[in-house]
Amino acid sequence: MRRQLLSAALLAGLGVALPAAGASFTLFPVQEIEGMSPQARQARSLLDAGLMQRLFDGAAGREAQVALVRRFVASLAQAYPESLVHARQVADNRIGSGHQFVNNNDLQCKAAPSVAVADTYAVVLGITRASRYEVQRGDNVEVLVPVTLSLQFVRPSLAKVAYTVSETVYTPFRFSRAEYESGAMDGVMRAEVLKNIGAQVDTLVAEARAAFDPKATAVTLVERDGKFLVADRGVEAGFVKGEQVEARGADGKASIFDVLYADSGYAVLRAAMGEAARGDTLQFTFEGTGDDSRKPRLMPVAGAADAESNAVADIFGRAIGFKASFQLSPVDVHFAQTKALITRAANCVDWNKLPSMAEASGVRTDPPDFFLRFTPVSTPSVLLSGAGGTKAEERFHTLVSAQVVDRAGKVVFSELGDADHVIDRVKGSGLGLAQAREVALKNATGKLAQAFLANVRFAPRELRVARVDAERLWVEGMGGVPGQRPSFDVLHPLAARVHGKPALVDLDVAGGSLEPVGEGALVGLSYSATNPALPKPQRGDIVRVYDQQLPGVTRVVDCQDASYVGQNNVLDVAYAAPLVRHALYRSRKHAGHLGDPAFYSDANLLLKAGMFDAVLAPPAIPLCVQPGYVIREDAAQCEGEACKATVTMALVARFKSGGEVTKTVTSGLRTEFSGMPASSKAAYYGYKELGNGLSMQPDLLKKLDN
C-alpha cells in the first residue's frame, strides 16, 4: 500500500498525465487543513488549545501539517487517479482537453488543461476535535488523545456539501509527570499522533472512494405549469427538496434549478439561473439517491462546545441513513470557513461570478419541520476486585435520550438508548476510562438509533383545504379539533400531471401562532405563508399533517429549576432528570415542551447559519414540571471492604405553577445490593440505580397518565 501511495504522489508531483477514461467528475484537494488557523481554532471549542499547540505549532508542527497534507493528496491520487486536478488547474471555463494532475502551487492560471469550476468538487480535510485526557497515577501520567478528522466533498458551483465522512482515532501515552510537564515528550506525542492520523486519512479516503461516485443522469422535463417544471426522475435519481441542482443542456450551457418537491418518479423544479423548456433533456450530476419529500426533515441540535452531543449526532446520523420515516437535515456552522478555504485554494477562479460562494446572503423559507435534541449522561464508575486481587472490573452505565421537537417546542417523540460497560483490568492495566466512555457512548447511541427506527413513525395524513381566509386554513376530514397546533405542510396540485396525477409543490407554509378552532365539520389551522415566489394557499390544496395531539391533554413545559433532590440523598446523578422527562414526554395526558434556553439558543444559531427565516422561542406555558430524585441508603453492613445494603431510589415529577408545587408524581424502588466495596458504596449505588431507573419507566408513566 505504501509503495502505491508514493508512486501516485510521485506521478502527481512530476505532472505525469493520468488516464481520464471513465471519469465523470473532477476533484481538487484543498491543501490546507481546516481547523488549523488561529481563527478556526478559536471558533471550534472541541479543539484543545494546548494540544493543538503541542502538535501543530512551531517549526516541527508546521512540518507536521505539510506532511499530513502531502499524505492526503497522495491518498486522493491513489483513490481517484482519473479525477484529480490541482486547485490552480480550476478556472471559470474549461481550457484545452485531457486530464493531467500537476501538483504545483505555482502553476500559471488558466493554462491548458484547466477544468471548469462548475464540473468540480473541492475535497477538504478538516480537524474537528482534538482532546486530551490526563490521569495522574503516582509519579506517572496517562494521556489519551482522541482526534476526529472529517473529509468533505463540496460542490463549489452550488456551495453544497455533497458528501462527508468523519472518524475518531485514539492515541494513548504513559509518561513520567516530570517529562510530560516539561514538554520533552512533545516530539514523541506528535510523531505517534501523526502516525495514527496519517492512517486515519487513508481510511477516510478509502471510505469515501467506496461511497462517493457521482453519476451523470439524463433527465427530461416532461411537463410545465408556468414557472414550475416537472422532471421525469425523482428521489431515485438524487433530487432532494430544498437543494439546488445544476444541469447542462445539449448545447453545453449550464442551468441551476431549485428543487421544490421530490417524490418517487418525479421532481418539481424552478429555474434559478439559465433557461429550460418542456421537452428538454438535461444532464444532471447526482452523488446518490435522495430522500422522499413526504418525510419530514429533522435538524439535529447540539451546542458547539458539547463534545458528547456532537459525537452522538454524528453516530446517530450514520446509523439512521435513509431507513427512517424522517430525513435528517444537519447544518454546518463552520461552512463559511470551508468556503473561504476553497476560494483561497482555487484562486484562478473569478468567484464573483458564483454568488453561492460569496458572502452568505438570501434567505430560505423552508425551515426543518422538527428538531432533534440529544442528552448523553453517564454514571460514576466503580471498581470491583476479583479473586486474588490481580483482576478487577471497572463498571459504568451510559444513557442517551433524544427528543423530536416541533417548531413550537412540543416534544413529539422521545426515545432512550443505554449501554452497561465493563472494563476488564489485570494488575491495574486495561482500556482507559475516557476511551471506554466513548465506546459506551457509541453503543448507547446505536441502541438509540434502533429505538428510533422501531418506534418513531411519522404517518402523515393528507387532508383537503375547504377554504382559506387571512388567518386560517379550513380543513375537512380532521375528525375533531386537535388539542394544540399540529405540524403540517401545505401542498399545491399543479396543472401539470405525472403518472396520471397532478404534480405537487410545497408552498413553504408554516404554522401560525393561533390555536386550532372548529366550525362545524371544519377545523381552522393558523398559518403563515412566507415565500412570495410561491402561490398562496387556496381551496383544493392538500394539508399534510405529521402529528395531531389528542384533545384534552395538559400542556406543560420543563421548569428552569435545577433537579429537586430529596432528603438523605447519598449521590448526585445526572441521569434522573432525563429519565423523568422521558416518561413525561411519553405521557398520553400531557403535551411536554422543551424549556431549556440552551436548546433554543443552539437551534437558532443553526437556523441562522443555514439562512432559514425561522426563529424558535420557548413556549409561554404557565404549568411547568421539575424533575427530581433521591438515592437513599436505608441500611448497610460491611465486613472489611465487602458490603451489603438496602437502597431506595425514587423518581419524582413536581408540577409547578407560579413557583408553587401543585402536584407530585413519584415512582420508587427498594433494592438489596451486595458485594460492593465499602470505599465506593455511593458510586456503586449511582452505577446500579440507572438500571433501576430504566426499569421504573412503565410505573412512572402509568402514574403520570392517571
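A compact globular protein would have a Cα radius of gyration near 2.2 N^0.38 Å; the ratio found for region 564-706 is 1.30. Taking packing as the residue-averaged number of other Cβ atoms within 10 angstrom, the listed peptides 649-655, 194-200 run from highest to lowest as 649-655, 194-200. For the pair region 499-572 and region 42-101, the centres of their Cα atoms are 46 angstrom apart.
Put in order of Cβ neighbour count within 10 Å, fewest first, the listed residues K663, K681 become K663, K681. Within a straight-line Cα-Cα reach of under 25 Å, K427 can be paired with the following lysines, leaving aside sequence neighbours fewer than 8 residues apart in one chain: K391, K681, K688. Within a straight-line Cα-Cα reach of under 16 Å, K644 can be paired with the following aspartates and glutamates, leaving aside sequence neighbours fewer than 8 residues apart in one chain: E633, D634, E672, E689. Return the percentage of antiparallel bridges among DSSP beta bridges fully within the chain, rounded to the nearest 5 %. Antiparallel: roughly 85 percent of the beta bridges in the chain.
The fewest-to-most ranking of R485, R467 by surrounding Cβ atoms within 10 Å reads R467, R485. Take 174-185, 87-98 and order them by the average number of nearby Cβ atoms within 10 Å per residue, most first; the result is 87-98, 174-185. Region 265-344 and region 113-185 have Cα centres spaced 23 Å apart. Taking every C-alpha pair closer than 8 Å and separated by at least 6 residues, the mean separation divided by the residue count of the chain gives a relative contact order of 9 percent. Under the criterion of Cα pairs below 8 Å and six or more residues apart, the relative contact order for region 461-552 equals 42 percent.
Rounded to the nearest 500, the helix-only mean residue ellipticity at 222 nm of the chain stands at -8000 deg cm²/dmol, with each DSSP H run of n ≥ 4 adding -39,500 (n - 2.57). As a rough footprinting exposure proxy, the listed residues K688, K442 were ranked by other beta carbons within 10 Å of their own, and the order from fewest upward is K442, K688. Per the Debye calculation on region 215-286 with a single equal scatterer at every Cα and no solvent contribution, log₁₀ I(q)/I(0) for q = 0.21, 0.24 Å⁻¹ amounts to -0.78, -1.07.
May I ask you to derive the FRET efficiency for D420 and R270 from their Cβ-Cβ distance with R0 = 35 Å, giving the value to the nearest 0.05? Calculated value: 0.10.
Suppose we look only past 16 Å in the calculated P(r) of region 370-488. What percent of the Cα-Cα pairs does that tail hold? Cα-Cα pairs of region 370-488 separated by over 16 Å account for 72 percent.
Computed over region 2-211, the convex hull of the alpha-carbon atoms projects to a mean area of 12.5 nm².
Rule-based calculations on the coordinates, nothing more; no lab input. Just so you know, these numbers come straight off a predicted model, no measurement behind them. Glycine gets a Cβ as well: all are built from the backbone with ideal geometry, and neighbour counts include every protein chain shown.
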